[in-house]
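Structure first, then comments.
The values are calculated or read from the model by the stated rules, or taken from the named source; none is laboratory data. Predicted, not measured: the structure shown is a model, and the values here were computed from it. For neighbour counting, all protein chains shown are included, and Cβ atoms are generated from backbone atoms with ideal geometry for every residue, glycine included.
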Amino acid sequence: MATLPHLTKKEQEKLAFITDAISGKITKAQASLMLGISTRQVKRLKRKILEHGGLAIIHQLKGRSSNHSIDPLVKEDVLDTIKKHYADFKPTFATEKLQEHHGIHISRETTRRWMTQVGLWKPRKQHKSTYRSWRPRKEYFGELMQFDGSYHLWFEKRFVDEDGSPIEVCLLAAIDDAAGKITKAEFAANEGVVAVFAFWKAYVQELGKPISIYLDAFSTYKINHKNAIDNKELMTQFQRAMQDLSINLITAHSAQAKGRVEKLFGTLQDRLVKEMRLAGINTPDAGNRFLKEVFLQRYNRRFAVIPAKEGNVHKPLSETDRKNATRIFSIQSKRKVNNDFTIQFKNTWHQLTELQPTTVRAKDRIIVEVWLDGTIHFSLREKYLNYTVLPERPKKIKQLPLILTTHKLNWKPPPNHPWRQYHRAWS
């Protein structure tokens, strides 16, 4: 299917799934689940595409403001009034006073949203009930993956450090909610960003993108483990990566919420430990080979169940996803280009070279990407900048360059350059 230039990545993906539903590669129910819409909408989209072609996938209101949108000037006036007279009011009370004294009629939810946006109101956390009810399995394979890591003496006393003390290793595992099948499991040193990114990069390249991933919110009981590292950064980075891949991320705030994967580790801490002891597996590398070649197939034959509905709803990686996989699964942060075109990152100074694939100006905000192989890359407007590492902090210079671009700053255009041709035509 040819790519239509007017469609966004999300619209192109929607068109691909509806086209597959038209051709019979997938059912309407599967397309509905993959797109997060009802089967009636799928049916309606199929009819529109058959009648009007691929561009029918574009929503009719695209590019137009909502019929219910409020004029930005009204919003600005309301917020100025609230800041001046009702800055410490709760949204509901502020809405009443706006109507009573200023003749401004907006809903209290609009007031609440606007006050929250400018920091005048902080939503209160809802008290969570301790009551929990049983949740049925999802219906399709690939609809929900439960993911977690477990620190344990997986190799008992056979894997030790220099002092002879047994080493706890983290086992990362994903289990399908519908089938109870372990889709991937891997030993890692910890449950940090690099290990988790390496796990999921391999996962989506091998199996595709699940609809949703259910994982820990990484609360205190998790971070307190001696081998655990900064899980706050992990959540920030992982949310961004999953958003890039259009994978829903669901965080559990209790062990019971993701009971399937918790029960899995209870089983593995019994069965896997003993299986590896019998097979003479003593190291994480050997353990990973054993998992892939022997244990996972054995476990799934024994414990996996047949999903309620037939079919695999993992979404295949698009060409864009495959091309950008290294960037997506990188640890990203933002930095500012200094006046001398240096960038400081982790106590190291980096000097941008004179020639760059895109124009760079002082004070530009660039994205720093630390790839899984440990290399550092600076990105601006989806172009990777050229740089050298400085041995120390650079000294200040009086005359600074204005910009860096694709050619040297003293470059002169050749005689046949369009600029010169234009000048001759007016001479």
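Quick notes
- Selection status of residue 28, at pLDDT 80 or above, surrounded by fewer than 14 Cβ atoms within 10 Å (Cβ to Cβ) and not β-branched (Val, Ile, Thr): no
- The condition of being in the same structural domain as residue 187 (by TED's automatic domain parsing) and buried (at least 16 other Cβ atoms within 10 Å of the Cβ) holds for residue 275.
- Residue within the stretch 398-412 that is modelled with pLDDT of 90 or more and either surrounded by 13 or more Cβ atoms within 10 Å (Cβ to Cβ) or outside any loop (DSSP other than H, G, I, E, B) (or both) present: no
- Out of 346, 334, sole residue that is closer than 30 Å to residue 378 by Cα, surrounded by fewer than 17 Cβ atoms within 10 Å (Cβ to Cβ), in contact with a Lys or Arg (Cβ under 6 Å, 6 or more places away or on another chain) and of a type outside the set (Gly, Ala, Ser): 334
- Among (1) outside the structural domain of residue 271 (by TED's automatic domain parsing); (2) surrounded by 13 or more Cβ atoms within 10 Å (Cβ to Cβ); (3) β-branched (Val, Ile, Thr) - the single one residue 167 does not satisfy: (1)
- Test result for residue 230, surrounded by fewer than 16 Cβ atoms within 10 Å (Cβ to Cβ), over 17 Å from residue 213 (Cβ atoms), in the same structural domain as residue 289 (by TED's automatic domain parsing) and modelled with pLDDT of 60 or more: no
- Condition met for residue 219 (more than 23 Å from residue 322 (Cβ to Cβ), modelled with pLDDT of 90 or more and surrounded by fewer than 19 Cβ atoms within 10 Å (Cβ to Cβ)): no
- Pairs are defined by a Cβ separation below 6 Å, a sequence spacing of at least 6 or placement on different chains, a first member in the stretch 42-60 that is within 16 Å of residue 17 (Cβ to Cβ), and a second member that is at pLDDT below 75 and surrounded by 13 or more Cβ atoms within 10 Å (Cβ to Cβ); the pairs so defined are 48/56; 49/56; 54/4.
- Residue in the stretch 172-183 that is more than 25 Å from residue 293 (Cα to Cα), out of contact with any helix residue (DSSP H, G or I) (no Cβ under 9 Å at 6 or more places or on another chain) and either of a type outside the set (A, V, I, L, M) or surrounded by 15 or more Cβ atoms within 10 Å (Cβ to Cβ) (or both) present: no
- Residue list for the stretch 260-286, filter: more than 22 Å from residue 215 (Cβ to Cβ) and not basic (Lys, Arg): 270, 273, 275, 276, 278, 279, 280, 281, 282, 283, 285, 286
- Set 322, 302: member being charged (D, E, K, R) and closer than 30 Å to residue 270 by Cα: 302
- The residues on offer are 293, 354, and the sole one that is farther than 30 Å from residue 17 by Cβ, more than 22 Å from the chain's Cα centre (by Cα) and either surrounded by 13 or more Cβ atoms within 10 Å (Cβ to Cβ) or modelled with pLDDT under 90 (or both) is 354.
- Any pair with Cβ under 7 angstrom, 6 or more apart, that starts in the stretch 284-304 at a residue that is in the same structural domain as residue 158 (by TED's automatic domain parsing) and ends at one that is among the small types (Gly, Ala, Ser) and surrounded by fewer than 16 Cβ atoms within 10 Å (Cβ to Cβ): 290/279
Residue-wise test of (1) within 32 Å of the chain's Cα centre (by Cα); (2) outside any loop (DSSP other than H, G, I, E, B); (3) at pLDDT 95 or above; (4) basic (Lys, Arg).
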| position | (1), (2), (3), (4) |
| --- | --- |
| 264 | yes, yes, no, no |
| 268 | yes, yes, no, no |
| 272 | yes, yes, no, no |
| 277 | no, yes, no, yes |
| 289 | yes, yes, yes, yes |
| 307 | yes, no, no, no |
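- Selection status of residue 372, in contact (Cβ under 8 Å) with a residue 24 or more places away in the chain, surrounded by 15 or more Cβ atoms within 10 Å (Cβ to Cβ) and in the same structural domain as residue 205 (by TED's automatic domain parsing): no
- Candidates 320, 388, 326: the one that is exposed (fewer than 12 other Cβ atoms within 10 Å of the Cβ), in contact (Cβ under 8 Å) with a residue 24 or more places away in the chain and either part of a loop (DSSP other than H, G, I, E, B) or not hydrophobic (A, V, I, L, M, F, W, C) (or both) is 388.
- Yes/no for residue 343 being modelled with pLDDT of 90 or more and either more than 26 Å from residue 246 (Cα to Cα) or part of a loop (DSSP other than H, G, I, E, B) (or both): yes
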